[in-house]
């Protein structure tokens, strides 16, 4: 292969692989990188929450569920008794812990979503995780929203009345639900119990949603490690003891008051209620949800061609099956032996399986190993003090299309740069080849684990 034909192959591997607009994603990811670095200076990686956002969200959800179960020993699901039943010291602590862990869960989920968006990890096979993640976000918010009915303080009453007005705007029932909140004597105890039942049943939907969310991810981290779990639990307990969640008095439908505390993570719509109509709120909710769902297509990048296996060279070691993050590799029978096979529907073209394949039996059509070998041979054909850096194209380290045809970057003097879809693609043979050819140093720059 000539030098003239190598460059198009390298360009094909990187051009179009960056989500658009590239500047936005690079700025967002660099912002997260700075925040992670700042926390890394204060805490070890195992305690850095920005490195474990998804697992930390699941852990706080578990804390919320556990405190909610314990709170059931005190709570009475009746309109006339709900508020008084959770005013005791232990019940108050559990209610506060339940609320703050729910708030922490929502915060971590939003950060997880933003970090995933910033890293543009929503296209290709990842669209399933993004789509189910949006569904989990909406379900989590709905569960928290319904939870504020159950305390039945002033904020809870406002939440209930807004919910009834929003449902009435859809015209689903012949008798408006809002009539039931005109006076205390008209409150429907059955409706209150239905809300209570939904609030404790929705976590089952969340569990099923998390399973779907992780379905295409191999070896996911469901929960945080033990040290971070203990830190999260201790922090939430300490905050709950120092700053009990406010309870501003039992709801009284006979009077209207503007003095009640709102939870900004779940009750933010109450700030708009009364200023805009129910129709505009439904429109905003629908537009926001559809906008999030459409992200993989609105900000899509050209999907890379899936990797291919040369069955004649495959040794059947199964290392690629173990290393693939999306379960795209599997073992199948071929001419009396077992060889690797790649499911094109699951493959995202990251090339991790290439880096794990000792006999180099797996090829990424857009970036064959032979192209990389020839590029290394060309750059280090004579004695050189240059270093060689394999840089993950998905990271925010380099601006799109900022590396020249000769592997130069204005911010990296004395370094030859090869951009790859993933640092996992770098085969050990490439590193050894560069060292044998005289590279002063070989660096593999990765973008980190999935958010």
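The values are calculated or read from the model by the stated rules, or taken from the named source; none is laboratory data. Everything quoted here is computed from the prediction, not taken from an experiment. Glycine also receives a Cβ, built like all others from the backbone with ideal geometry; neighbour counts cover every protein chain displayed.
For region 287-309, the candidate set comprises residues that are touching a residue at least 60 places away in the same chain (Cβ under 8 Å) and more than 12 Å from residue 122 (Cα to Cα); within that set, the residue that is surrounded by the fewest Cβ atoms within 10 Å (Cβ to Cβ) is 302. Just one of the listed residues (363, 391, 371) is within 28 Å of the chain's Cα centre (by Cα), at pLDDT 85 or above and closer than 30 Å to residue 321 by Cβ, and it is 391. With respect to the conditions (1) out of contact with any strand residue (DSSP E or B) (no Cβ under 6 Å at 6 or more places or on another chain); (2) in contact (Cβ under 8 Å) with a residue 24 or more places away in the chain, residue 162 falls short on a single one, namely (1).
In this structure, does residue 215 turn out to be without any contact (Cβ under 8 Å) to a residue 12 or more places away in the chain and at negative phi? Criteria not met by residue 215.
Taking first residues from region 428-443 that are outside the structural domain of residue 370 (by TED's automatic domain parsing) and on the phi < 0 side of the Ramachandran plot and partners that are assigned to a helix (DSSP H, G or I) and surrounded by fewer than 17 Cβ atoms within 10 Å (Cβ to Cβ), no Cβ contact under 7 Å between residues at least 6 apart in sequence or on separate chains turns up.
Enumerate the helices (runs of 4 or more DSSP H) found wholly within region 97-214, keeping only those where 3 or more residues are modelled with pLDDT of 85 or more and within 30 Å of residue 328 (Cβ to Cβ).
By residue number, 127-151, 189-213.
For region 402-443, the set of residues classified as at pLDDT 90 or above, part of a strand (DSSP E or B) and under 30 Å from residue 55 (Cβ atoms) consists of 443 only. Among the residues making up region 320-336, those that are more than 13 Å from residue 356 (Cβ to Cβ), under 30 Å from the mean Cα position of the chain (by Cα) and in a strand (DSSP E or B) are 330, 331. Every condition in (1) in a loop (DSSP other than H, G, I, E, B); (2) free of Cβ contacts under 8 Å to residues at least 40 places away in the same chain; (3) more than 29 Å from residue 122 (Cβ to Cβ) holds for residue 317 except the one numbered (2). For residue 340, are the conditions met, namely being crowded, with 16+ Cβ neighbours inside 10 Å and touching a strand residue (DSSP E or B) at 6+ places or on another chain (Cβ under 9 Å)? Considered against the rule, which asks whether it is crowded, with 16+ Cβ neighbours inside 10 Å and touching a strand residue (DSSP E or B) at 6+ places or on another chain (Cβ under 9 Å), residue 340 comes out as yes. Among the residues of region 204-256, those that are touching a helix residue (DSSP H, G or I) at 6+ places or on another chain (Cβ under 7 Å) and under 20 Å from residue 46 (Cβ atoms) comprise 221, 222, 223, 224, 225, 227, 228, 229, 231, 232, 233, 236. Taking into account only those residues within region 346-362 that are surrounded by fewer than 20 Cβ atoms within 10 Å (Cβ to Cβ) and in contact with a helix residue (DSSP H, G or I) (Cβ under 7 Å, 6 or more places away or on another chain), which is farthest from residue 313 (Cα to Cα)? Among those residues, the one meeting the criterion is 346. Mind listing whichever residues of region 320-342 are in contact with a helix residue (DSSP H, G or I) (Cβ under 8 Å, 6 or more places away or on another chain) and either in the same structural domain as residue 219 (by TED's automatic domain parsing) or farther than 30 Å from residue 117 by Cα (or both)? Those that are in contact with a helix residue (DSSP H, G or I) (Cβ under 8 Å, 6 or more places away or on another chain) and either in the same structural domain as residue 219 (by TED's automatic domain parsing) or farther than 30 Å from residue 117 by Cα (or both): 331, 340.
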